[in-house]
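Here the structure is laid out as structure tokens; the discussion comes afterwards.
Each reported figure results from applying straightforward, stated rules to the coordinates on display, with no laboratory input. Here the structure is a predicted model, which means the values were calculated and not measured. FYI the Cβ positions are ideal-geometry reconstructions off the backbone, even for glycines, and counts take in every protein chain you see.
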Ligand SMILES: [Zn+2]
Ligand SMILES: [Zn+2]
């Protein structure tokens with residue numbers, strides 16, 4: 001078996017689980033405008049927009065963005081009206097529905113939204129509680145749908161919680177509403193800081209809450225009841241930061257002051273204008289205070305994946321003496337030295353899915369037979385050289401394998417484990433799920449024992465693949 005066929009993984013997704021947005025988005029003027037803007041972005045990255053892998057990217061991105069922001073066109077009224085029904089057992093007095101305090105709690109609604117600072121999707125779990133009053137109860141499935149109306153917009157966690165809370169309060173008119181959101185934002189670094197820090201992957205976790213009525217203040221202990229009910233079901237709200245406790249939960253805020261692209265220090269103003277027009281096409285106002293810096297931040301992030309933004313410092317290594325010492329037994333007189341299985345595991349990487357223009361990230365494990373280990377810094381350079389481009393996971397895996405193979409003479413195995421942001425925004429990402437790809441060359445393709453030996457040397461758990 002050689003390296004996996006490129007594109008296999010995404011084909012499976014597209015034939016199998018890809019969630020198609022409703023008919024009608026395609027061909028609409030807003031969609032076409034976004035497609036044009038995405039073409040500008042791709043060209044700004046030095047890509048050929050007619051290349052097979054990315055030909056459909058503008059349409060995919062446009063559909064995902066419009067589907068992901070459809071909340072601008074939805075009305076809570078349409079969802080809640082008709083879903084409010086009188087509950088006979090409910091006393092007209094406040095809060096006797098379900099026993100203690102009459103609190104009704106719906107936990108663990110898994111949803112996603114778009115960060116208004118960087119335009120990347122973020123995941124959140126929504127927990128809603130309310131104390132019915134006036135004999136009005138709402139169909140529980142509606143709570144999730146109402147939350148989704150506000151999630152499918154460009155958002156910030158606290159505003160999202162506030163909007164869900166006040167909409168529910170307005171329509172249900174209960175004695176109190178409590179909304180708690182646990183949010184996960186990918187902690188992506190700038191290219192510069194990624195190259196400097198060894199472990200710059202992970203998730204920013206923020207917990208926000210919003211309440212009305214009995215939850216407006218905590219006099220009656222309503223919030224502690226509510227949190228107890230969450231903890232009782234194993235919902236772990238520890239280790240979440242309160243949003244107010246950090247300057248900004250979006251990492252793009254902290255590197256927005258960095259100088260522009262790593263190539264020439266200048267941002268491509270055409271790309272910035274293109275993002276501006278995308279915001280308009282989604283129904284947003286780019287001059288809204290929170291969105292003012294968003295196009296520049298988005299372009300800065302994207303520019304990390306410019307076709308030529310990262311020079312691989314192989315220099316003399318590939319063609320110089322370095323390689324000879326890796327391939328051959330360089331010490332005369334020592335004839336019995338065997339080639340050893342050499343491994344380098346858990347090298348972290350970032351890349352950008354060329355089908356959806358969203359990041360994927362994770363760890364690479366490299367195994368090869370050689371007399372001497374390749375310096376870790378060189379392997380890292382190879383991973384970054386191929387990572388910081390528009391990619392698909394299979395190709396990235398194969399390119400790393402082939403390049404290492406050129407250093408050590410053929411016997412190479414590469415395992416790449418990745419989490420894909422594009423799966424979040426298509427609603428099919430289970431928290432913490434990941435995709436593994438494998439490329440095998442030389443002895444590894446022929447010898448199952450060699451493969452087993454390498455796979456056994458892999459760490460049991462990879463770092464920071466998904467939120468937890
Ligand atoms: Zn963000
Ligand atoms: Zn993708």
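Things to note:
- Each label point was placed 7 Å from the Cα along the Cα-to-Cβ direction; for residue 453 and residue 28 their separation is 5.8 nm.
- With a simple spin-label model that places each label point 7 Å from the Cα along the Cα-to-Cβ direction, the separation between residue 292 and residue 228 comes to 4.6 nm.
- Potential lengthening of the chain between residue 141 and residue 48 amounts to 29.0 nm, from the contour at 0.36 nm per residue minus the alpha-carbon distance.
- Per-peptide packing, taken as the mean over residues of other Cβ atoms within 10 Å, places 225-234, 64-73, 125-134 in the sequence 125-134, 64-73, 225-234 from highest down.
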